[in-house]
Structures are given as structure tokens and as C-alpha cells.
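Student: Please read through the structure below; I'll follow up with questions.
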Amino acid sequence: MSEVIVVTSGKGGVGKTTTTANVGTGLAMLNKKVVLIDTDIGLRNLDVVMGLENRIVYNLVDVVEGNCRIKQALIKDKRYNNLYLLPSAQTRDKTSVSPEQMQKLIDELKEEFDYIILDCPAGIEQGFKNAIAGASRALVVTTPEVSAIRDADRIIGLLEANEITKVDLIVNRIRMDLVKRGDMMTIDDVVDILAVSLIGAVPDDENIVISTNQGEPIVGTDALAGRAYMNIVKRIMGEDIPLMNLDTDNGFWNRIKNIFKSK
Amino acid sequence: MSVFDLFKKKNSGTVAKDRLKLLLVSDRASCSPEIMEAIKNDIIKVISKYMEIDSDGLDIQITQTESEENHGTVPAIFANIPIKTIRNGSDARSEAKRN
């Protein structure tokens, strides 16, 4: 049985693409057959985050318009041979694809894959409608900022209106130093405000910048964010994993330990 | 941080949470400022029948309140209406009749 998950947020720049790349890679690491679809037509990004930008021949619009077969457009990942990417078109716009066409494409992919993960564009217009058309489940990504949370709330309402009932929240870019000082909302605050179930929290980790620079997902590494993503992946698969303490690695003793470790 | 900072003001995280809570209630209710204004004017009209109120000092907003039924919060209209003078019973009744 395959599951179709849309990764969405409303606001741009909160980490949808990074989340898609890491959740997808994590699922593939756990031996699931996964396809990632970049639905942000005109602003293609998932390919660079995955480090697959040089392998693109055909794209989503080519498939929908029948210029190629689905198989021809799917790019196999460098690291895992059960992970594929369907890239978006860079030179077209959102109206090139309709929700009905997306639905049809996803129905075909369902026969082949365990997980279909859709990277949704920012906004609530056509691109959003395309991305959610075939989805049965949603991961809403937000950061602990007023603007991102307000948009997430709107998105959650729209998902419900479109009968996507399985909605989980990812709180991204948590900074425990600010939370402790009282200058950032806590994970509980965000969950309380948005009133949806939390599936994980990801710390603001400089390793994400580094791994994105290199076109490598961070999931599976020992970095705090990498472990946080792996926990999210396991929870998506139904495992009951307790929330990790995001604070541990910044503690005084751990910092000292890390100094010795790095030598 | 000095001792005096402790008394200064709320943490910005708490401020953000409080602002969002209010904002989202009105977002969810999709209650436009025009509707709020209309509600406010109607409230003034009704209450003025019975007592003299300070219509400039009237504050009305949509907030959240604890609900006993489902152990959660529900939207509520909160109105703070300063009263100037309470008219005595018989006056109020006769004026209400006239209006």
C-alpha cells in the first residue's frame, strides 16, 4: 500500500524542500521505494538540494504533456537505488499542470512506489492546488515565528477543506538558546496554537547549510538535525519514537566533549 | 542581565504567542473589521437603551475562552464597555419602550 504525502507550509523559506529531501532519503534508507516530486513549477529546487541537478533530461511538465514516459523523467538518486526524483520544469509556469493531471500521474506512480512525496510551492494558489490534488496525508512545516505560524494555520484550514485529514506538524529551525531565554516560542506553544499533531521538531543546525551546499541530505548523519529527521521518518512509518531533547548537544559538558572529539 | 530586567516586560516569545492566539481566532472566524465595527455599533445601540455608556472607550474583540464541553478553547466575543451612569429602573424601562 502506498502513501502520498504533501510537504507544505504556506510561507516560503521555512524548509519544505529540505524536509522533502531528508524525509524521502530517510524512507529510502529504511528500504522503502520512494519518489520525490518537485511541484514548484518555475522555481525548481529539490534537484539541487538532492545534488541531482546535472542529471535532468525530462521534467514533470514533459510527463504531463506526454513528451516522454514517466520512467524517462525519473532520476535515480546517487546514493540509494530505491529513491527517485521527478524534477519540476524551470521554464514553465504553474498553469502548465492541472490538479486532475497530477492526480492521474500519482495514481500511476502508486503502483510502483511505497511513498510518493510532493514538495509543494509556497502560497495557496494553483501550485498548492496541484500539489495537494493526489495527496492523502500532509506534513505542514513551520518555524517558531509569527508569520510562518499564521500561514501554517491558513494552510491547515485549506487542507481540511480539501479533505486531507491526516495532517502532521514539523516545527523547524528551533533554537533552544532563544527558547530558554524566552525569546522564541516553544514547540509546545506552536503545537498549542495550531492544534494539530506534532510529528517532529528540527533544530536550527548549521550542518543543514553545509549538507545543502554539498547537495547531500543530512538524514542518517550524527548531526542533531540529521537525527531529528530520522525520528520523523520513523514516526511517518508508524513507529512510536519519543521526542528527542534538542538541547543536549549544546550543554556545557557536551561542548567540552565535542572539543575533545573533534581533535 | 541585571536584576531590574526581571521586572521589565514579558519575554518576546510570550508576546508572540499571545499576539498569534488573538490573530488566528479572527483569521479563523474570517471576521472582517467592517463586521466588527457593525457589531460594535449595534451593541452600543442596544445597551444605550438601558444605561449611558462611554462609546469611545468601548473595546470589542474576538478572543478565546475555555470551554467546559470539550476541554479546549472556543472563540468568544469579548467586550469591555465602560458605563457612565446607570439609569434607574423605571426610567430605563420607559425609555426602552419608547425606542
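Student: Look at A:Ala195 and say whether it is within 14 Å of another protein chain (Cβ to nearest Cβ) and either open to solvent by 30 Å² or more (accessible area, probe 1.4 Å) or at pLDDT 95 or above (or both).
Tutor: yes
Student: Would you check which residues across the range A:36-95 are at positive phi and either free of Cβ contacts under 8 Å to residues at least 12 places away in the same chain or polar (S, T, N, Q) (or both) and list them?
Tutor: Scanning the range A:36-95 gives a single hit, A:Gly66.
Student: Within the range A:87-113, how many residues turn out to be modelled with pLDDT under 95 and not in a loop (DSSP other than H, G, I, E, B)?
Tutor: Qualifying residue count, the range A:87-113: 3.
Student: Now, a different point. Filter the range A:70-93 for residues that are open to solvent by 60 Å² or more (accessible area, probe 1.4 Å) and charged (D, E, K, R) and give the result.
Tutor: A:Lys71, A:Lys76, A:Lys78, A:Arg79, A:Arg92, A:Asp93 - these are the residues of the range A:70-93 that are open to solvent by 60 Å² or more (accessible area, probe 1.4 Å) and charged (D, E, K, R).
Student: Follow-up question, since we're still on this one. Between residues in the range A:128-148 that are assigned to a helix (DSSP H, G or I) and residues that are of a type outside the set (A, V, I, L, M, F, W, C) and open to solvent by less than 10 Å² (accessible area, probe 1.4 Å), which pairs lie under 6 Å by C-beta distance while being six or more apart or on different chains?
Tutor: So the pair list comes out as A:Asn130/A:Thr39; A:Ala131/A:Thr39; A:Ala148/A:Thr142.
Student: Give the residue, chosen from A:Ile155, A:Ile149, A:Ile116, that is away from chain B (no Cβ under 14 Å) and under 21 Å from the mean Cα position of the chain (by Cα).
Tutor: Within the list A:Ile155, A:Ile149, A:Ile116, the selection yields A:Ile116.
Student: Tell me which of these A:Lys32 doesn't satisfy, since it passes every other one: (1) touching an Asp or Glu at 6+ places or on another chain (Cβ under 6 Å); (2) modelled with pLDDT under 95; (3) of a type outside the set (S, T, N, Q).
Tutor: Tallying (1) touching an Asp or Glu at 6+ places or on another chain (Cβ under 6 Å); (2) modelled with pLDDT under 95; (3) of a type outside the set (S, T, N, Q), A:Lys32 fails exactly one: (2).
Student: From the list A:Ser136, A:Ser147, A:Ser96, pick out the single residue that is under 18 Å from A:Leu198 (Cα atoms) and hydroxyl-bearing (Ser, Thr, Tyr).
Tutor: Working: A:Ser147 fails: under 18 Å from A:Leu198 (Cα atoms); A:Ser96 fails: under 18 Å from A:Leu198 (Cα atoms).
From the options A:Ser136, A:Ser147, A:Ser96, the qualifying one is A:Ser136.
Student: Please work out which residue is farthest from the chain's Cα centre (by Cα), limiting yourself to the range B:35-59 and to residues that are under 30 Å from A:Val146 (Cα atoms) and either within 14 Å of chain A (Cβ to nearest Cβ) or not β-branched (Val, Ile, Thr) (or both).
Tutor: First, pick out the residues of the range B:35-59 that are under 30 Å from A:Val146 (Cα atoms): B:35-40, B:57-59.
Subset that is either within 14 Å of chain A (Cβ to nearest Cβ) or not β-branched (Val, Ile, Thr) (or both): B:36-38, B:40, B:57-59.
Details: B:Met36: 11, B:Glu37: 12, B:Ala38: 14, B:Lys40: 9, B:Gly57: 11, B:Leu58: 8, B:Asp59: 5 Å.
The extreme case among them is B:Ala38.
Student: Can you tell which of A:Val219, A:Val190 is outside any loop (DSSP other than H, G, I, E, B), among the aliphatic types (A, V, I, L, M) and modelled with pLDDT of 95 or more? Before you say what the answer is, go through the steps one by one.
Tutor: Working: A:Val219 fails: outside any loop (DSSP other than H, G, I, E, B).
Answer to the selection: A:Val190.
Student: Which residues, taken from the range A:1-56, are hydroxyl-bearing (Ser, Thr, Tyr), under 21 Å from A:Ile208 (Cα atoms) and assigned to a loop (DSSP other than H, G, I, E, B)? Break it down into steps so the answer makes sense when it comes.
Tutor: Step one: list which residues in the range A:1-56 are hydroxyl-bearing (Ser, Thr, Tyr), which gives A:2, A:8-9, A:17-20, A:25, A:39.
Okay, now just the ones that are also under 21 Å from A:Ile208 (Cα atoms), so A:8-9, A:17-20, A:25.
Listed by number, the list holds a single entry, A:Ser9.
Student: Let me ask another. Looking at B:Ser32, B:Ser12, can you tell me which residue is away from chain A (no Cβ under 14 Å) and either at pLDDT below 75 or surrounded by 14 or more Cβ atoms within 10 Å (Cβ to Cβ) (or both)?
Tutor: B:Ser32
Student: Against the condition of a type outside the set (Gly, Ala, Ser), in a loop (DSSP other than H, G, I, E, B), free of Cβ contacts under 8 Å to residues at least 12 places away in the same chain and within 12 Å of chain B (Cβ to nearest Cβ), how does A:Asp183 come out, does it pass? Break it down into steps so the answer makes sense when it comes.
Tutor: Details: of a type outside the set (Gly, Ala, Ser): yes; in a loop (DSSP other than H, G, I, E, B): yes; free of Cβ contacts under 8 Å to residues at least 12 places away in the same chain: yes; within 12 Å of chain B (Cβ to nearest Cβ): yes.
So A:Asp183 passes the test.
Student: Please work out which one of (1) among the β-branched types (Val, Ile, Thr); (2) open to solvent by less than 10 Å² (accessible area, probe 1.4 Å); (3) under 30 Å from A:Met176 (Cα atoms) is the condition A:Val146 fails and give its number.
Tutor: (2)
Student: Taking A:Ala225 as the residue in question, decide whether it is away from chain B (no Cβ under 14 Å), open to solvent by less than 20 Å² (accessible area, probe 1.4 Å) and either in a helix (DSSP H, G or I) or over 30 Å from A:Met1 (Cα atoms) (or both).
Tutor: So A:Ala225 passes the test.
Student: Taking the range A:212-247 on its own, how many of its residues are free of Cβ contacts under 8 Å to residues at least 12 places away in the same chain and of a type in the set (Ser, Thr, Tyr)?
Tutor: Total meeting the criteria: 0.
Student: Which numbered condition in (1) outside any strand (DSSP E or B); (2) within 14 Å of chain B (Cβ to nearest Cβ); (3) of a type in the set (Val, Ile, Thr); (4) closer than 18 Å to A:Gly10 by Cα is the only one that A:Ile164 fails?
Tutor: Of everything listed in (1) outside any strand (DSSP E or B); (2) within 14 Å of chain B (Cβ to nearest Cβ); (3) of a type in the set (Val, Ile, Thr); (4) closer than 18 Å to A:Gly10 by Cα, A:Ile164 misses just condition (2).
The values are calculated or read from the model by the stated rules, or taken from the named source; none is laboratory data. For clarity, every value in this text was computed on a predicted model and none was experimentally measured. Reconstructed Cβ throughout: ideal geometry from the backbone, glycine too, with neighbour counts over all protein chains shown. For accessibility, only protein heavy atoms count, side chains too; no ligands or nucleic acids. Shrake-Rupley method; radii C 1.70, N 1.55, O 1.52, S 1.80 Å.
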